[in-house]
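Here's the structure we're looking at; comments come further down.
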Amino acid sequence: MTNKRRFSRVKCIEKSIVETDSGPREVVLHDISLKGALVEFGNDLPVREGDRWKLFFQLDHSDVVLQFEAEVVHCRENLAGVKFVEMDLDTMIHLRSLMEARTVNPEQVRHELSFLMDDE
């Protein structure tokens, strides 16, 4: 099986909030990349591919809150993969810092930024 990922993921187990059509819900962020994340949700949140969410989480020991417009691209059981559709500049800067701090190869994150800019 070949890995088609252009963006590396880092473990990032954080309590998060998603705003959905049915209201805000607490979820758990499992991992994150520059382009998306894997989110665990409870049984009280109906999830379908194509759903649009606002995803928020606060960085540990900080007042910084990252905020993303996200779209569910796959879901199974209580896990949903989301792609980031939109984020502000501050969120992008803090996400990059988070990724660089939690990876063994920070240069890879910088390299992936060029792919991200190509996708825009």
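Okay, here's what the table says:
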read-out: Those residues of segment 28-50 which are at pLDDT 90 or above, part of a loop (DSSP other than H, G, I, E, B) and either among the aliphatic types (A, V, I, L, M) or buried (at least 19 other Cβ atoms within 10 Å of the Cβ) (or both), in sequence order; value: 41, 47
read-out: Hits in segment 51-67 (condition: hydrophobic (A, V, I, L, M, F, W, C) and assigned to a strand (DSSP E or B)); value: 53, 55, 56, 57, 65, 66
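To keep it simple, each residue is scored yes or no on (1) more than 19 Å from residue 16 (Cα to Cα); (2) modelled with pLDDT of 85 or more.
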position	(1), (2)
62	no, no
69	no, yes
74	no, yes
78	no, yes
84	no, yes
87	no, yes
91	no, yes
114	yes, no
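The values are calculated or read from the model by the stated rules, or taken from the named source; none is laboratory data. Model, not experiment: these values are computed from the prediction. No Cβ is skipped: glycine too gets one built from the backbone with ideal geometry, and neighbour counts run over all protein chains shown.
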